[in-house]
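This report concerns only the one structure given below.
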Amino acid sequence: MQVKEIMTTAPVTITRNTLLPDALELMQENSIRRLLVVDEKGKLIDIVTKKDLNEVSASPATSLSIFELNYLLAKTTIGDILKVRKDRPGMLVTIDENALVGQAAVLLREYKIGGLPVMSGEKVVGIVTETDIFDVFVSVMGYKEPGTRIIIEMEQDKEGTIKEISEVIFNNHGNIQKLLAYQNKEEKYMIELRITSDNDEKIISELKEKGYVIKNVVS
């Protein structure tokens, strides 16, 4: 799956000259936590988050009255915030629209950020967030869909395992809707299946007879 298949297109953008209150209002109106900052030609230059803006709004200024503070904040621009922000000085992490969703997940994790501007060449075409990644995982594994989930544990990854499991399910008139293979923290090989069948008990019994350890079954 590619990033362009899950990204939010036509992301909300602002400029360096956008005022802080206006940026906060845009976030509230669109129920978003990130805004892309572009120049006068629409070229991406940075990204600001709600945390960035809230930190500025909540900055202590004990020598100022509330009226003076509100006046200064009302005149603060995004450009002012970018100049003093310390979390990502000089760094803007982006991803190409044709990149794989897994690559986006790696970047989000590696840089400990919540969103990535999506590029087509030098043009920004969307934004992909950690929420989009979570939604993909839920969708790919069908966690909102009906069916029986079976988690199988194995000591080692053996050739022909998926074929053997599939045959047991097929021979009992079942169908594999989703399949995930992974290694857990104990370095055991795990297979998670979502199947549809009227013979769940018989399928599980035959899998056990073939030596598979059934760790969990959820209907």
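Scanning the chain for trypsin sites (Lys or Arg not before Pro) lying in DSSP loops with no more than 13 further Cβ atoms inside 10 Å, the longest uninterrupted stretch between such sites is 44-85.
For GLU97, neighbours were defined as the other residues whose beta-carbon sits under 15 Å from its Cβ, and their charges (Lys and Arg +1, Asp and Glu -1) total -2. Comparing Cα centroids, region 1-15 and region 131-205 end up 32 angstrom apart.
Cut-off 10 angstrom, C-alpha nodes, Gaussian network model of the chain. Which of ILE95, ILE204, ILE78 fluctuates the most? Top of the fluctuation ranking is ILE204.
Panel order for GLU5, GLU186, by other beta carbons found within 10 Å of each beta carbon, from fewest to most: GLU186, GLU5. Each Lys or Arg adds one and each Asp or Glu takes one away; over the other residues whose Cβ falls under 10 Å from the Cβ of LYS43, this sums to -1. Cβ crowding within 10 Å, taken as a proxy for footprinting-reagent exposure, orders SER219, SER139 from fewest neighbours to most as SER219, SER139. Dividing the summed -39500 (n - 2.57) terms of all DSSP H runs of n ≥ 4 by the residue count of the chain sets its mean residue ellipticity at 222 nm at -10500 deg cm²/dmol. Comparing GLN156, GLN103, GLN28 in a Gaussian network model of the chain where C-alpha atoms under 10 Å apart are linked, the largest mean-square fluctuation is found at GLN156. Taking the C-alpha atoms only, the angle from helix 130-140 to the longest principal axis of the chain is near 20 degrees. When GLU130, GLU122 are sorted by how many other C-beta atoms sit within 10 angstrom of their C-beta, beginning with the fewest, the order is GLU122, GLU130. Computed from the alpha carbon atoms alone, the convex hull of region 143-218 holds 85 Å³ per residue.
Structure remark: mean-square fluctuation, Gaussian network model of the chain, C-alpha springs under 10 Å; the largest value among ALA105, ALA74, ALA23 belongs to ALA74. Mind checking the angle between helix 66-75 and the chain's longest principal axis? C-alpha axes, 0 to 90 degrees, to the nearest 10. Relative to the chain, helix 66-75 is tipped by roughly 80 degrees.
Near GLU29: Cβ cut-off under 15 Å, other residues only, Lys/Arg at +1 and Asp/Glu at -1. The net charge is +1.
Measuring nothing but how far apart in sequence close Cα pairs (under 8 Å, 6+ apart) lie, relative to its length, the chain scores a relative contact order of 19 percent.
Of the two radii for the chain, the radius of gyration is 1.17 times the Kirkwood radius, both from the alpha carbons; that is the Rg over Rh value.
Relative to the longest principal axis of the Cα atoms of the chain, the long axis of helix 200-209 lies at roughly 70 degrees.
We did not get these values from a lab; they are worked out from the coordinates using the rules stated. All values derive from a computational prediction rather than experimental measurement. Glycine gets a Cβ as well: all are built from the backbone with ideal geometry, and neighbour counts include every protein chain shown.
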